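K.L.:
Quick one: the structure is below, and I'll ask about it shortly.
The values are calculated or read from the model by the stated rules, or taken from the named source; none is laboratory data. No experiment lies behind these values; they were computed from the predicted model shown. Methodologically, a virtual Cβ is constructed for each residue, glycine included, from the backbone with ideal geometry; neighbour enumeration extends over all protein chains shown.
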Amino acid sequence: MSHHSFDFIIAGNYLTSMIAALELARSGKKVCLLNPTPTWGGHFTKIMVNGHAYDPGAISHEFTAFNETNLRDPLQYTPVMRNDWGRFAGLIEDYTRSHIELVKMQTPQTVYNEHMYDDIIMTNRLDVLQAPQLKGRIAGETAFILQQEVHPYHARNKKNNPDFLTKSYYEVSLLNHGATLHSGLFEPYFHKMSNLSTTRLIARYHRIGWLPLYYPETIHSQFTDKPQQLSDTHFCYPKAGYIAVFAETLLQRIEEAGVVISREPIEQVKDEPGTTTVYTKDGQRYNAPKLIWSLTHDQLISQVTGQPPHAFERWSASLAFLTIPVQQIKKDFSVLWSPDDRTLFYRACNQTNSAGKEEAAARITVEFNPDYLRSHGLTDDAAILQRLRQDFCTLGIVEDPSAISVEGYKTLKNVLLLPCVENWNLLEKERDILYASYPRVHFTRNTDAFFTDTLNDQIIKGLRIAAEYK
């Protein structure tokens, strides 16, 4: 067995681990990066289909922060503060642009009643509220809400009221949006995506379910002569045309910085006095005073307890990878959110449009929940893809369904963790076990805080780790 000593061992394929490895190596540290997985970048990777690079869903870079803070010291980042990356938006943007070229995306859109509106779900565009089926009822319901005594579950209190950790999004959304907006857009979107109800979604973590939480005053003002105008959330996308170019560029610079990389499976981790040792399947032994762990907890939990890892509640996603001749597209889009129950997909991303590329054919990834499809009697892939073609024609995206080429179809089982109370409690239990058993290991992912694995959180966490140990 060969023995290798380093200043730092970093285990993982997430952007956090890649950025930490790169920046520590640049500061002169001897770093080993262990990645036993087949990809780099975690969720921000690519899926190659017929020579085309597809994203594993709709992913973009977001640097819009709705506060005036623009901190530059990553040591001030606090992962337990929900969405704390927003205080470092400028730093995150500068770091990202130092590695890849980005372009501003076209405003995403939301589908309602078979019509496409500028997006209310992620982009703060409220045009859909004027839809005839929604307008009058939402105006009346939000007027009623504003006539009531102010309650502690107003959207402005989500960061400071601890009850937002026990209340569901369903309860809080009704109190802020009213029944029509919630049941017309937000509930059906989450159900199509997860095949679950928003009663399971922790209110404070509504954005993990890609759901908004607006002030009732903002909603109601849209039906007055002085509607409140919210700042748009702007999204950027790699000019290269696929999200994984960021991880690819980081990997190239990691190799140039002299980081030692192993892709072998990890067999054992020993946290010993003064050092941590990692044993890999090829008989190598790596040790360092500090191990930074960005892989899942499963292996370490099983190593400590001798039991199978905890069964967290997750949902699955199916992805259809399309190409459509650009000349055949009648209604172009960057990202399309579809709460509309007249369509089976919940989201589609046009990577060619998002990147501003001039190509003969658009690459589009369409997302479904396979359990939701089954609940609607669709279990046959051919029938699902035929319905997808019909949906695109119904929305006016194309006129001829035969213009849509399906390059591939893939189902990812149990890949998305549900932000529910039960999972919160399981993660707390795992955190206690890991911290007690591996006191010198620096854990990231959901160990340092619940749901801090967004693209921006991973970037600022990687920079924070490097700043902490330089």
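K.L.:
I need the full set of residues from region 48-88 which are crowded, with 18+ Cβ neighbours inside 10 Å, hydrophobic (A, V, I, L, M, F, W, C) and in contact with a Leu (Cβ under 8 Å, 6 or more places away or on another chain), in order please.
P.N.:
Scanning region 48-88 gives Ile59, Phe88.
K.L.:
Next question, about the same structure. Going by what's in this entry, would Glu264 be described as touching a residue at least 60 places away in the same chain (Cβ under 8 Å) and of a type in the set (Asp, Glu)? Write out each step before concluding.
P.N.:
Details: touching a residue at least 60 places away in the same chain (Cβ under 8 Å): yes; of a type in the set (Asp, Glu): yes.
Criteria met by Glu264.
K.L.:
Further question on the same structure: State all residues of region 274-289 that are surrounded by fewer than 17 Cβ atoms within 10 Å (Cβ to Cβ) and under 20 Å from Glu23 (Cα atoms); if no residue qualifies, say none.
P.N.:
Listed by number, the list holds a single entry, Pro289.
K.L.:
Which of the residues belonging to region 84-132 are under 21 Å from the mean Cα position of the chain (by Cα) and of a type in the set (Val, Ile, Thr)?
P.N.:
Ile92, Thr96, Ile100, Val103, Thr107, Thr110, Val111, Ile120, Ile121, Thr123
K.L.:
Taking into account only those residues within region 79-109 that are in a helix (DSSP H, G or I) and among the basic types (Lys, Arg), which is modelled with the highest pLDDT? Reasoning before the result, please.
P.N.:
So in region 79-109, the residues in a helix (DSSP H, G or I) come out as 84-97.
Narrowing the set further to residues that are among the basic types (Lys, Arg) leaves 87, 97.
Details: Arg87: 93, Arg97: 98.
Per the criteria, the residue is Arg97.
K.L.:
How many of the residues in region 178-230 are small (Gly, Ala, Ser), in contact (Cβ under 8 Å) with a residue 60 or more places away in the chain and farther than 19 Å from Phe144 by Cβ? Write out each step before concluding.
P.N.:
In the first step, residues of region 178-230 are kept if they are small (Gly, Ala, Ser); the result is 178-179, 183-184, 194, 197, 203, 209, 221.
If we keep only those that are in contact (Cβ under 8 Å) with a residue 60 or more places away in the chain too, we end up with 184, 194, 209.
In the following step, the residues that additionally are farther than 19 Å from Phe144 by Cβ were identified as 194, 209.
Residues flagged as small (Gly, Ala, Ser), in contact (Cβ under 8 Å) with a residue 60 or more places away in the chain and farther than 19 Å from Phe144 by Cβ within region 178-230 amount to 2.
K.L.:
If you check Trp40 against the conditions, is it part of a loop (DSSP other than H, G, I, E, B) and not basic (Lys, Arg)?
P.N.:
On the way: part of a loop (DSSP other than H, G, I, E, B): yes; not basic (Lys, Arg): yes.
Yes: the conditions hold for Trp40.
K.L.:
Mind checking which residues of region 132-144 are assigned to a loop (DSSP other than H, G, I, E, B) and either buried (at least 18 other Cβ atoms within 10 Å of the Cβ) or not aliphatic (A, V, I, L, M) (or both)?
P.N.:
To start, the set of residues in region 132-144 that are assigned to a loop (DSSP other than H, G, I, E, B) comprises 132-134.
Pro132, Gln133 - these are the residues of region 132-144 that are assigned to a loop (DSSP other than H, G, I, E, B) and either buried (at least 18 other Cβ atoms within 10 Å of the Cβ) or not aliphatic (A, V, I, L, M) (or both).
K.L.:
Given (1) modelled with pLDDT of 95 or more; (2) assigned to a loop (DSSP other than H, G, I, E, B); (3) under 24 Å from the mean Cα position of the chain (by Cα), where does Ala247 come up short, assuming only one miss?
P.N.:
(2)
K.L.:
Which is over 21 Å from Tyr77 (Cα atoms), of a type in the set (A, V, I, L, M, F, W, C) and surrounded by 20 or more Cβ atoms within 10 Å (Cβ to Cβ), of Ile404, Ile460?
P.N.:
Values: Ile460 fails: over 21 Å from Tyr77 (Cα atoms).
After ruling out the rest, the residue left standing is Ile404.
K.L.:
Restricting attention to region 353-380, report how many residues are touching a Gly at 6+ places or on another chain (Cβ under 8 Å), modelled with pLDDT of 95 or more and over 23 Å from Leu412 (Cβ atoms).
P.N.:
Result for region 353-380: 1.
K.L.:
Moving on. Of the residues Thr78, Thr45, which single one is touching an Asp or Glu at 6+ places or on another chain (Cβ under 6 Å) and among the hydroxyl-bearing types (Ser, Thr, Tyr)? Steps first, answer last, please.
P.N.:
On the way: Thr45 fails: touching an Asp or Glu at 6+ places or on another chain (Cβ under 6 Å).
Of the residues listed, the single one that is touching an Asp or Glu at 6+ places or on another chain (Cβ under 6 Å) and among the hydroxyl-bearing types (Ser, Thr, Tyr) is Thr78.
K.L.:
Continuing with the same structure: Of the residues that make up region 16-25, is at least one in a loop (DSSP other than H, G, I, E, B) and in contact (Cβ under 8 Å) with a residue 12 or more places away in the chain? Walk me through how you get there before you give the answer.
P.N.:
Quick first cut of region 16-25, residues in a loop (DSSP other than H, G, I, E, B) only: none.
Within region 16-25 (the criterion being in a loop (DSSP other than H, G, I, E, B) and in contact (Cβ under 8 Å) with a residue 12 or more places away in the chain), the answer is no, since none of the residues qualifies.
K.L.:
Tell me, please, whether a residue that is farther than 30 Å from Lys135 by Cβ, out of contact with any helix residue (DSSP H, G or I) (no Cβ under 8 Å at 6 or more places or on another chain), surrounded by fewer than 21 Cβ atoms within 10 Å (Cβ to Cβ) and among the basic types (Lys, Arg) can be found in region 213-231.
P.N.:
Let us first name the residues in region 213-231 that are farther than 30 Å from Lys135 by Cβ, namely none.
Checked region 213-231: no residue is farther than 30 Å from Lys135 by Cβ, out of contact with any helix residue (DSSP H, G or I) (no Cβ under 8 Å at 6 or more places or on another chain), surrounded by fewer than 21 Cβ atoms within 10 Å (Cβ to Cβ) and among the basic types (Lys, Arg).
K.L.:
For region 425-448, state whether one or more residues are under 20 Å from the mean Cα position of the chain (by Cα), among the basic types (Lys, Arg) and either crowded, with 20+ Cβ neighbours inside 10 Å or at positive phi (or both). Break it down into steps so the answer makes sense when it comes.
P.N.:
Going residue by residue through region 425-448, those that are under 20 Å from the mean Cα position of the chain (by Cα) are 427, 443-448.
After this cut, where a residue has to be among the basic types (Lys, Arg) as well, the list is 445.
Going one step further and asking which of them are either crowded, with 20+ Cβ neighbours inside 10 Å or at positive phi (or both), we end up with 445.
For region 425-448, residues under 20 Å from the mean Cα position of the chain (by Cα), among the basic types (Lys, Arg) and either crowded, with 20+ Cβ neighbours inside 10 Å or at positive phi (or both): present.
K.L.:
Taking the stated definitions as given, is Ile9 at pLDDT 95 or above and either under 26 Å from Leu336 (Cβ atoms) or part of a loop (DSSP other than H, G, I, E, B) (or both)? Lay out the reasoning, then the answer.
P.N.:
Working: at pLDDT 95 or above: yes; either under 26 Å from Leu336 (Cβ atoms) or part of a loop (DSSP other than H, G, I, E, B) (or both): no.
Considered against the rule, which asks whether it is at pLDDT 95 or above and either under 26 Å from Leu336 (Cβ atoms) or part of a loop (DSSP other than H, G, I, E, B) (or both), Ile9 comes out as no.
K.L.:
Here's a follow-up. Anything in region 63-108 that is closer than 18 Å to Met18 by Cα and charged (D, E, K, R)? List them, or say none.
P.N.:
Glu93, Asp94, Arg97
K.L.:
Looking at region 256-273 only, could you name the residues that are at pLDDT 95 or above, acidic (Asp, Glu) and exposed (fewer than 14 other Cβ atoms within 10 Å of the Cβ)?
P.N.:
Glu256
K.L.:
Going by the structure shown, is Arg137 more than 20 Å from the chain's Cα centre (by Cα) and at pLDDT 95 or above?
P.N.:
Values: more than 20 Å from the chain's Cα centre (by Cα): yes; at pLDDT 95 or above: yes.
The answer is yes for Arg137.
K.L.:
Something else now. Anything in region 145-193 that is surrounded by 14 or more Cβ atoms within 10 Å (Cβ to Cβ) and assigned to a loop (DSSP other than H, G, I, E, B)? List them, or say none.
P.N.:
Within region 145-193, Tyr153, His154, Lys158, Asn161, Lys167, Gly178 meet the criteria.
K.L.:
Out of (1) aromatic (Phe, Trp, Tyr); (2) modelled with pLDDT of 95 or more; (3) farther than 30 Å from Ser27 by Cβ, the odd one out for Tyr279 is which?
P.N.:
(3)
K.L.:
Restricting to region 51-92, give me the number of residues that are among the basic types (Lys, Arg) and in contact (Cβ under 8 Å) with a residue 24 or more places away in the chain. First the steps, then the outcome.
P.N.:
Going residue by residue through region 51-92, those that are among the basic types (Lys, Arg) are 72, 82, 87.
In the following step, the residues that additionally are in contact (Cβ under 8 Å) with a residue 24 or more places away in the chain were identified as 82.
So the count comes out to 1.
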